[in-house]
Every structure is written in structure tokens, then in C-alpha cells.
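Bear in mind these aren't lab numbers, they're just calculated from the coordinates by the rules spelled out. Everything numeric here is computed off the predicted structure, so don't read it as measured data. Cβ coordinates were reconstructed from backbone atoms using ideal geometry, including for glycine residues, and neighbour counts include every protein chain displayed.
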There are 2 protein chains.
Amino acid sequence: MTKPGRKSGGNTKPRNAFYAQSGGVTAVINASAAGVIETARKYPRHIGKLYAGRHGIIGALTEDLIDVGQESNATIRGLRHTPAGAFGSARFKLKGLEQNRAEYERLIEVFKAHDIGYFFYNGGNDSMDTALKVSQIGEAMGYPITCVGVPKTVDNDLPLTDCCPGFGSVAKYVAVSTREAALDVASMARTSTKIFVLEVMGRHAGWIAAAGGLAARKSGEAPQIILFPEIAFDKAAFMARVKASVETQGYCVIVVSEGTRYPDGKFLAEAGTRDAFGHAQLGGVGPVVANMVREELGYKYHWAVADYLQRSARHIASKVDVEQAYAVGKAAVEYAVQGRNAVMPAIIRKSARPYRWKIEPVPLSAVANVEKTVPRNFITADGFGITAACRRYLEPLIAGEDYPPYVDGLPDYVRIKGKPVRRKLKSTFKV
Amino acid sequence: MTKPGRKSGGNTKPRNAFYAQSGGVTAVINASAAGVIETARKYPRHIGKLYAGRHGIIGALTEDLIDVGQESNATIRGLRHTPAGAFGSARFKLKGLEQNRAEYERLIEVFKAHDIGYFFYNGGNDSMDTALKVSQIGEAMGYPITCVGVPKTVDNDLPLTDCCPGFGSVAKYVAVSTREAALDVASMARTSTKIFVLEVMGRHAGWIAAAGGLAARKSGEAPQIILFPEIAFDKAAFMARVKASVETQGYCVIVVSEGTRYPDGKFLAEAGTRDAFGHAQLGGVGPVVANMVREELGYKYHWAVADYLQRSARHIASKVDVEQAYAVGKAAVEYAVQGRNAVMPAIIRKSARPYRWKIEPVPLSAVANVEKTVPRNFITADGFGITAACRRYLEPLIAGEDYPPYVDGLPDYVRIKGKPVRRKLKSTFKV
């Protein structure tokens, strides 16, 4: 295990820390940042300065570091209620060590220049893999660095953790929006719209789509149909279900995951179908499904594509999610100062009702590149709904509201100053 | 002026009242219903039973009436925080008196059978026209009926009123969502998405699109571009603005109204289908604009279509909007018992800062079929933003939050029992 602080004369010499946000952002990733930063400030004997990568790992590669010490306590507190990535994120996956050793060596070069002894990487599967590799090359190059992953992904597909910070809030947004839109279409169905399609995120895992199922209080309520990436799309069964729903209830609400596929593995959204208006496909399974229903059954439809709205909707964040996001950031720093390397704080469910949880470290090697999809027993036998077991799992994750403060009718989200750290290296790095 | 209650022996004999919801529903139309119902219950000497049309005016034509008296006080109170049309709405425009006298005569027949002396019609332009015609034929047929319109439309296009109940909440939703999604795309822009397009409602009037402009605290902040139906789409100017925004700020957020048109009057996206009122069914301009940018400039994009989510989003309703929605319902009943016929309660702005308003009656004849679009001086000279005057107008309308109660992480919206009134007529009516 790497030593987090080098002793000298009986005193711990503090080393600096690096924090970065990675991949698609969420409503609560900044709450994790707040957890990291506020906790780091409590360990001045271990952690000296805290730097953040501007736009994630790219900030490290290009030595574009933000001096977090310049941000006020009020700003850091405000991150807890501010969505998206305040320090900038990046979709940039470091390649394998063998394929691109230069990138890792550059990271170590930058870290060495700034005496960075702690690496906190806030992301999903790919990011946990990167954090693991940084810890390995640090060791291989004889540069002591403690790497801790901070979990984040709306996709909720990391293993070993009860859930992923960011998911609870998007789940709440989708459940609330589905319940609201369902009331709307029910009002209109007599003379107008009978079909409402809501497209949600989740390319490989249907967790977000599943959350739409929470909108129903009891069986038969909207959404009448959920389309999961885990279940091959059966058009005939789908149409029969739509028809039955309209005939018995007057309308049909459909929540469709962007990752829904035909039995041959092709996404519905890229299957060469025209969109709802006969235009060449622009991306968007929502309009594709809506148009399919109109062509087959002739019903008038509306569709919505929530896209970024769902994952940035801090205004309707889950309180549990905010608390967990903060807690994993806090735990990451605590693990680091304890000298735990190559771990990730995971959320462990102690009980479902009431929901009780704790944070425990799991090895990054067990997390990296493993994808947790919705298990079959969470999906009803017909493939169109969620089971009681799924509901039991999901319900605690959307519990509680954690409203941001408002000014002039709008959420008062903070912005960082983002003061850059003076560069120390002459060399540059092209990403 | 029609007498609302017929005197007999010095006592007022109460007559029954009819209430219906019409057209596209909103987050607060049920708050108006609550205002009507709770106020009607305070005038037992004037108003006997209160019936609601199931699915709007269709409920009257088919004698499908809901006995509102069967709904508990708690349910009616709950309507104040429940979105969409609890009694069912309809897109059904009565034709002109000359074209289809039979419909009006049928209404009077049903009203006569149930001794309905008050007609409250909760809707937009078309509905105010219907209320006016009902008052006219009542007079022509010697059947005394007091008709009061209750304004409602997310489009905010009714004249003579400072704003339309329903608009403030969709405006708040769009402003909040734009601010949130803008933070998201700003986080991602370095390596990924540079363009975010949010499509919003507003067929002929750009009020909802304008509300997106509130997301910016100061000039230059997102949204960088708003596309209004009032401004002919200038593709070259638009592309230049997108490019400049990406080059200087790294990204560009675009709020586009579904009603945006080319200089020749053609909608950027037209579905080709028409709704019950003969209006073109729109939706899908978001992906069209996003794709246009990609083709021309090659930027990676995301787009969202809020559709019903925006107008049913009671979870983020404007407190001012909820209060005004309730107030117009309450005033409608007060006008009716005062014997004011063929009027609509309008919201009169007394001052902007602080926002103070009152309710005053305006004649339906002055409201019906008049459309208030965004004035040119509310749109910046380049056609892509809102002016300070526009901001001054809009800001008070999204002020304050009015959160619904939550149970199990979800808003606790009420449902009515919807007990039908026993039919009295043998004849039926096909709509």
C-alpha cells in the first residue's frame, strides 16, 4: 500500500491532491466534489493543496489545473446544490497501459511537478478503470500516489455498490415527469392524444427506464409500457399491449430507453426507420416508437425526449442521492488519508424499509469495466413493467426532496472562479 | 344582463352550475377548478349543485356530467397542487352559430334539463369564443345563463390580461431546465457535446421560448440563441451566431419554439397532420435544428423535446401562477353571482417591482379569438434574444415555488371520484 504522506522527522509532510470529474455529468456530481473538498480541508496534515483538472483528466494531461483553494467555503457549500460538472468534465478514456503508456507517463510527470500524492477520479466504469491504471503505473514508476475512485453515473451500472450517485436524482426526475405527463395525456385522450412516449437515457442498462415505473401507484396505472435495453423488442406484443391499453384505459404511456433493441441487436433508433415526420433518422427512439404506433394503430401521439434535462435536473434531486453523493466524496478522502489505494467507496444497503446504508471500500479492480444491468427478476414476465422486487429496490433511492435555494424564481447555482495553477512544466501535451 | 338566480317570494332560488376544462391542459388549471369549486360552495343561495363536464364541453353535449358535490373538501384542496385536467379536457371547438346551431341548442337542452344557470369555461382563445356564443344563444333562446370564461393557456396569448394562468409555470420550467442543461453542456463541451437544443411549445406566440432567456443572469450566458415564431428564421445569421458562440464560449444553447418558421411561413418542422382545431400538429423542430447545425458546422449535439413535460410540471410550478390560477377561478364565480355575464377575469398588473396585481372583468367579446404575440421590443434587434423590457415583464411570473406534497419520493397528486350525474334526457348526441 502506498504511503499517503511521507514522514519527515516525526511529522507528516502533506502532499497535494488532484480531483477530476469524468464522463457524462449528473445532478449531484458536484455534491461529491463538495464532499471531497470539504473533507480534504479537514486534513491539512495529510493534504496540502487541492487541485482540480479543468475538464477532467484533460486538465491533468495538459497541466491545466484549477486551484480549488481559491474557492470560498460558500462556493464549495453551493456545489452541493449545483448540477453538472463545475470543474468541467471530459469524455476521454485513457487507453490501456500497453497501447498508450505516454498518457500515463505524462500524468505522472504532471503529478510529480505539482507533488500530487492523491488522485480522486469521479466517474463511471471507464473512470474506475483509469484510476486503477494510474495507481498501477504510479507503483511501476516508483511514484507513490494514492488513487481513489468516486462513483458517479446516471446509468446506475457500477457493480458492488447499491446504486450510483446521480442515478437516484434522474430516477426521481423520470418518475415525477412520467406521473405528470400521464395525467396530461389522460386529460386529453378523449378527443386528442392517446399515446405519450417518453424517451430516457440508458444505452445498455434499463435502470432509468425502470424508474419510470415508479410513477404508477398500483398495477394498471401509467406507464403502461416500459421498453428496456435488456429485453429484445417484440413489436407484435408491444402493439397488442398499446391497443389493449387504449381500449381499456383510453390512453397509453410508454417509457422507452434509448438503448432498446430489436432481437437482432440493432437499436430501434438506428434501424433505418424514418422519424415521426418522415425525415431521415436524426437519433431519438421516442419519435421512432411514436411513429410506429401511429402507422400501425393510427393513434394520435405526443413524445418527449428528456435528454440532458433528466440528468441535470437538480431542482428535483433525490435527497438520498445528494446525501450519498456527498458521502462517497467524503469517504474517498478519508480512505486516501488512511492510505487505502485503488479503492472506491461503495454504498452498502443495510435495510430496504427503512432504507439504511453505509459506505465501504471496494477494490477498483473489482469495479472497473463491469456493467450491472437490470436483472430479469426486476422486469415483469411480459417484459413491459417492473416487479415488486424492482420497486422495493428503487423506491428508497428517490426518497426525499433537497431543493436548491432560489433567487428571482430560479435556482441559485454557483460557479467556481476556476483560477488556474501556475504551470511548472515547459513541455506540452496534445490530447 | 342575465339574472343569475330567479327570485321567488323574496328568496333567491339557487340554480346549478357547469364547469369544464378545455384545450391543452396546464400545471395549474386544476388550481382554477379549485378556485371555482371552493368559491361556489360559499354561495349556496345562488349556486345549487356544481357539475363538471367529463372531458370538457363533450361532457355537456353528451350529458356526461360529473357531480362535483361528491368530491371531498380534501380532494378539491388537492386540486390546487395537481397538474393536468382532473375532470378531463377536450380539443373540441364548437363551430359558429350559423354553421352548427344544433350543438348550441343541444347544450341549452342539457343545461335546461339540469337547471344550469352558470357556465364556467376554463380555456384559451377558442374557449372564450365558445363561452361568448353560449351566452348569446342562451339569450336568443330565452334561456337565462350566465357565462364566465376562466383564462388558461400555456401559450400566454390571451389579450387584456397581464398573463395567462398556466404560462408562469411552464415559463419557470423552461427557464430552470435551460439553466440546468446549459451547465451540463458547458461541462461536456471540451471533448463532446457543443450544441444543445431545447424545443419548447408555442405555436404562434414565442412567450415560452422567451422564458428560456430568463436562464441567463447576464448577457452572453446561455441560452445564446432563442428562435421565436415571431421572427422569420434566417439560417445564415443563425449559423454565424452558433459558430461565434462555440468559438468564444465553447458551446451554444439554443431554445427553439415549435412554431419557428422560414421567411415563406413554413414551419421548420411540420408533422403534416392537423389537430381537431385544424391547426398543424407540430413537434420535432428540435432535432431538425440540431441536425442542421451538424450538417453545416459539424458540431456534436444533443437535443431535448420537453413536450407535455413542460406543461404538466407541477413539481416546479410558479407560486405566482398558482395564486393567479386560483384567483381567476374564484373571481369567475364571484362575477357570476353578481350577475356579470359574458366576461372573463383578467389579471391586471399594478406594478412590476414588486409585482402587484389584481383581477378585473373584461368582456369575452374583446378576448375571443384575439392572439397576443411577443412584441418586437421584447426581442433583441438581432432576433435571437430577449430585451430588458421582456425580462421585466417575465420575471415576476416565475417568482416563488409552490411545491406539492410528496409521498414515497413522488408528488401526491389527487384524483377525483368523478361520480356521474344521473342522465335526464332520452336523446343522445354524437360528437
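Descriptive notes on the structure:
- Annotation for residue A:203, label-to-label distances across the other copies: 3.8 nm (shortest first, one decimal, point 7 Å from Cα along Cα→Cβ).
- Segment residue B:141-residue B:13, length gained on full extension (0.36 nm per residue, minus Cα span): 44.0 nm
- Inter-copy separations for residue B:365, label at 7 Å along Cα-Cβ, nm, ascending: 8.7
- Our helix-only sum for chain B, with -39,500 (n - 2.57) per DSSP H run of n ≥ 4 divided by its residues, gives a mean residue ellipticity at 222 nm of -10000 deg cm²/dmol.
- Shown for A:218, B:424: other C-beta atoms within 10 Å of each C-beta, ranked fewest to most, produce the order A:218, B:424.
- Chain B: most fluctuating residue of B:380, B:161, B:62 per GNM, C-alpha cutoff 10 Å: B:380
- Shown is the FRET efficiency for residue B:295 and residue B:248, computed with R0 = 25 Å from the Cβ-Cβ distance and rounded to the nearest 0.05: 0.70.
- Within 10 Å of each Cβ in A:82-88, the average number of Cβ atoms from other chains: 5
- Cα centre as origin, Lys/Arg/Asp/Glu Cβ charges: the protein assembly as shown dipole, Debye: 1880
- Residue A:113-residue A:41 pseudo-label distance in nm [points 7 Å out on the Cα-to-Cβ vector]: 2.8
- Cα-based convex hull volume of chain A per residue, rounded to whole Å³: 157
- Unsatisfied cross-links (Cα-Cα over 25 Å) in the set A:13/A:330; A:95/A:152; A:426/B:194; A:95/A:419; A:13/A:424: A:426/B:194; A:95/A:419
- When only the Cβ of Lys, Arg, Asp and Glu is charged (+1, +1, -1, -1), the dipole of the stretch A:167-312 relative to its Cα centre reaches about 280 debye.
- Placing +1 on the Cβ of every Lys and Arg and -1 on the Cβ of every Asp and Glu, with nothing else charged, gives the stretch B:278-377 a dipole about its Cα centre of roughly 460 debye.
- Cα gyration tensor, the stretch A:167-312 - rounded (a/c under 1.5), prolate or oblate: rounded
- Estimated inter-spin distance, residue B:338 and residue B:160, nm [label 7 Å along Cα→Cβ]: 1.4
- For a paramagnetic label modelled on residue B:237 (point 7 Å from Cα along Cα→Cβ), amide N atoms under 19 Å away belong, within the stretch B:250-265, to B:253-265.
- Surrounding net charge for residue A:382, when Lys and Arg each add one and Asp and Glu each subtract one, Cβ distance under 13 Å: +1
- Length gained on full extension, residue B:429 to residue B:376, computed as 0.36 nm times the residue gap minus the Cα-Cα distance: 14.5 nm.
- By the rule of a C-alpha distance below 13 Å, with chain neighbours fewer than 8 residues away ignored, the aspartates and glutamates paired with residue A:430 are A:63, A:64, A:103.
- Summed side-chain charge close to residue B:216 - residues other than residue B:216 whose Cβ falls under 10 Å, Lys, Arg +1, Asp, Glu -1: +3
- With contacts taken as Cα pairs under 8 Å at a separation of at least 6 residues, the stretch A:167-312 carries a relative contact order of 30 percent.
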